[in-house]
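The values are calculated or read from the model by the stated rules, or taken from the named source; none is laboratory data. In this text the structure is predicted, and so the values were computed from the model without any measurement. Please note: Cβ atoms are built from the backbone with ideal geometry, for glycine as well, and neighbour counts cover all protein chains shown.
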Amino acid sequence: MGTPLTALINARLLTDHGPREGLAVLVRGERIEAIVREDDKRIADATKHDLKRQLLLPGFIDVQVNGGGGVLFNAEPTVEALATIGAAHRKFGTTGFLPTLITDTADVMRKALDAVDAAIDQGVPGVLGIHLEGPFLATARKGIHDASLFRLPDADDIAAITRNRRGVVMLTLAVEEVPRDTIRQLSEAGVLVVAGHTAATYHATRAALDAGVCGFTHLYNAMTPLGSREPGVVGAALDDPHSWCGLIVDGHHVHPVALRVAIAAKAKGKSVLVTDAMPPVGADSPEYVLNGQTIIARDGICQSDDGVLAGSALDMATGVRNLVNMVGLPLAEASRMASAYPAAWLGLDRTHGRLVAGQQADFAVMDEKLVVTETWISGVRYEA
């Protein structure tokens with residue numbers, strides 16, 4: 001007996017060509033088998049799931065998730081913590097994510113790398129790899145990171161990061177601090193090297209792009225700004241047609257006007273929605289401890305007592321709504337910034353990020369207010 005077929009019917013699909021009606025998604029096992037008309041004879045033999053005219057979008061992919069469900073990955077670099085974080089973000093349509101470890105000790109970094117490998121081996125839903133945000137950063141643009149732990153990568157670090165890992169490895173570093181040959185070595189080993197928490201000049205950033213840097217972590221934040229005579233990191237990011245830019249669309253990290261400017265300036269498909277989410281997402285408590293400080297999320301803003309932003313309380317569904325309502329993007333483009341574009345950045349676009357046959361059956365179902373009502377990961381349905 002073969003794997004049963006499920007038909008998702010009576011939905012408004014957000015396809016590559018925009019919203020479409022009168023179509024059904026056929027799912028067999030972990031994959032989309034076909035997108036068909038609702039009068040297709042194959043539907044008769046399938047288990048039907050009526051979406052009651054709701055929107056069916058590709059599942060959201062978040063490349064920067066520090067925590068969720070009351071758990072901070074740095075504090076608990078374990079498989080169990082990753083499962084809790086994934087379950088918290090799943091309620092908001094996130095079907096794939098990179099658990100993000102901010103600056104920490106070498107021991108914690110290795111535990112985090114191993115935990116992600118184990119989570120992927122054990123099939124923890126949604127874990128696609130790891131994002132190491134530090135510790136190879138610049139003190140001048142440290143943000144909330146603990147600068148006492150900043151250092152340069154040594155041979156052991158490079159060996160641990162470039163080892164044959166189970167998922168994607170993204171590494172945020174300050175391009176003026178890390179030697180260009182090291183950037184090239186990491187990139188050639190398959191690590192996605194991105195610039196962030198950096199005080200680099202435009203020319204240093206341009207040289208790092210030529211050496212293998214492929215993107216920018218939370219554009220505008222913790223980097224040198226665009227100036228008329230010194231374009232800085234932001235200028236290099238917006239000018240480069242090949243790299244990706246992560247954008248935190250919570251209305252606090254970046255002004256909506258600056259978001260519109262970046263999205264308009266950046267090459268099509270290279271602007272990516274990220275959350276930089278902290279433990280309050282999907283949790284009852286707004287508090288968490290970071291670097292020994294108690295942080296309280298107030299009005300959606302996570303910041304220390306001295307006013308430094310400490311990640312966000314943003315989820316991907318809210319980010320999509322903000323792109324539509326605050327920034328003014330069409331829903332189809334907002335959806336792509338949350339799915340197809342991050343999938344391409346991670347090199348997973350053949351299997352993730354779109355509603356087409358052969359892709360993993362990862363979906364976010366949203367009502368007319370763009371609130372997630374259910375999420376599917378690898379063909380398994382979860383209530384929001």
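Descriptive notes on the structure:
- Restricting attention to the range 110-145, the residues being closer than 18 Å to G292 by Cα and assigned to a helix (DSSP H, G or I) number 0.
- Taking (1) over 16 Å from the mean Cα position of the chain (by Cα); (2) at pLDDT 95 or above; (3) not in a helix (DSSP H, G or I) in turn, R165 satisfies each apart from (2).
- If only residues of the range 85-113 that are touching a residue at least 12 places away in the same chain (Cβ under 8 Å) and surrounded by fewer than 19 Cβ atoms within 10 Å (Cβ to Cβ) are counted, the one that is farthest from R151 (Cα to Cα) is A87.
- Residues in the range 196-221 that are within 23 Å of the chain's Cα centre (by Cα), within 27 Å of G251 (Cα to Cα), of a type outside the set (F, W, Y) and surrounded by fewer than 24 Cβ atoms within 10 Å (Cβ to Cβ): C214, N221.
- So L23, is it under 22 Å from G167 (Cα atoms) and either in contact with a Ser or Thr (Cβ under 6 Å, 6 or more places away or on another chain) or at pLDDT 95 or above (or both): no
- The residues on offer are T3, T15, and the sole one that is farther than 30 Å from A119 by Cα and either of a type in the set (V, I, T) or at pLDDT 95 or above (or both) is T15.
- Just one residue in the set D306, D284, D349 is out of contact with any strand residue (DSSP E or B) (no Cβ under 8 Å at 6 or more places or on another chain), in a loop (DSSP other than H, G, I, E, B), modelled with pLDDT of 95 or more and of a type in the set (D, E); that residue is D349.
- From the options D39, D45, D50, residue that is at pLDDT 95 or above, over 30 Å from D276 (Cβ atoms) and surrounded by fewer than 24 Cβ atoms within 10 Å (Cβ to Cβ): D50
- Scanning the range 145-170 for residues that are more than 20 Å from I85 (Cα to Cα), touching a Gly at 6+ places or on another chain (Cβ under 8 Å) and surrounded by 20 or more Cβ atoms within 10 Å (Cβ to Cβ) turns up just one, H145.
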